1. Taking K and R as +1 and D and E as -1, what net charge do the other residues with C-beta under 13 Å from the C-beta of Leu181 add up to?
2. For Ala58 and Ile145, what does the FRET efficiency come to when R0 = 22 Å and r is the distance between their Cβ atoms, rounded to the nearest 0.05?
3. Using a Förster radius of 30 Å, what is the FRET efficiency between Arg92 and His156 based on their Cβ-Cβ separation? Nearest 0.05, please.
4. Please go through segment 75-138 and write out the trypsin sites (Lys or Arg not before Pro) that DSSP classes as loop and that have at most 15 other C-beta atoms within 10 Å.
5. Using r as the Cβ-Cβ distance of Asn125 and Asn206, and R0 as 45 Å, what FRET efficiency do you calculate, to the nearest 0.05?
6. Would you tally the net charge around Val139, using a Cβ to Cβ cut-off of less than 10 Å, leaving Val139 out, and scoring K and R as +1, D and E as -1?
7. Name the GluC sites (Glu not before Pro) in segment 61-129 that are in a loop by DSSP and that have at most 16 other C-beta atoms within 10 Å, would you?
8. Starting from the amide H of Gly108, placed 1.01 Å from N in the peptide plane, find each other amide H under 5 Å away whose residue is 5 or more places distant or on another chain.
Amino acid sequence: MAVQDNDALLRLRQAFGSFATGVTVVTSTTAQGDPIGFTANSFTSVSLDPPLLLVCLAKSSSNLEHFTQSGHFAVNILSEVQKDVSARFASRSADRFGETAWCGSRLGNPLIDGSVAWFDCETDNIVDAGDHVILIGRVAEFDQIEARPLAYLRGHYLDLGLVEATAESVSHHGGVRVGCLLEYQGQVLLQKTPEGWCLPMGGVRNGFREGRAELEDLLAMQGVGAELGFLYSVFDAPSGNATWMIFQGEMELCPAGVEFALFPVKDLPLQEISPQPVRSVLRRYQTEFREARFGLYVDGTTSAGQINPIDRNATPWSKIMTEQGNQ
Ligand SMILES: Cc1cc2nc3c(=O)[nH]c(=O)nc-3n(C[C@H](O)[C@H](O)[C@H](O)COP(=O)(O)O)c2cc1C
């Protein structure tokens, strides 16, 4: 195949991947009754009356013959805590059913414990479609539970809980205050305030965009050239009148003003940092900087917020503080 074609295929795959989906595990049995299954995001509901759904199976699948001949299959919609199940059923080396809790459906299909919903189907039709076959199922039985589904976009799992928590946190209060954690050659920029040292912060504004614009103006006025990057921490202000959002960023120009100073990450004046939530943010930053692994802190309804690392399950903030043994 010409390079041009490979390139076009890659771009087509990427373009297809920009459609956000859920994640399912499609299951059935071999003629001997052994359970089989694979991870699929090509699931689509098709018809209510009659109740039909479809899923596309690659012709390269080692289970193609079993799925096209068994006469029945089930679709299990995975929940947000089942990323490991998704990975297991997409890997040829994993013991898919040995490590997964499941039970048999009335039609004999494996139903995976903890799925947000499942559909037990008889195979209604199989359509040949390029390098895939389309399995069309007629739903015989189904069920669902109250749980957040796993979402998938552009080759990555999305944390819908995190998106919701962030949105809730921000819409909870009228005001938003945007601050930044700027790093420059292993040092962090702090701002002198009457209470001690703090991260550079804008004022309380009506929305995130206004708050961020204000912070950028403030930095520019102080001669700080900075590129704000990903959101690092979201929490309620100590006074309770606003949501604080701290962005991480890289600094390109050093400040000229006396209000700002750079401190080595390893050697921050933690005792002089005020208010306390900012001190916690910086303490966490020290640890994560050391391990070169960062997460997003989102305040919970109680004092127990969550750190949400990329590609890992969330860790309760209280656990991290206990492990660090300090406050
Ligand atoms: C999120 C995700 C979605 C997938 N969707 C599909 C799909 O819709 N159809 C498919 O044939 N393979 C899909 N795959 C790949 C299969 O899961 C994988 O190739 C398969 O499990 C390989 O094992 P098998 O040969 O036993 O089928 C997907 C993989 C992942 C991680």
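What follows draws every value from the coordinates through simple rules; no lab data is involved. Just so you know, these numbers come straight off a predicted model, no measurement behind them. Positions of Cβ are generated from backbone atoms using ideal geometry, with glycine treated the same way; all protein chains shown enter the neighbour counts.
1. -1
2. 0.15
3. 0.90
4. Hits after loop and neighbour filter: Arg92, Arg106.
5. 0.25
6. -3
7. Answer by residue number: Glu99.
8. Under 5 Å from the amide H of Gly108 lies no amide H from a residue far enough along the sequence or on another chain.
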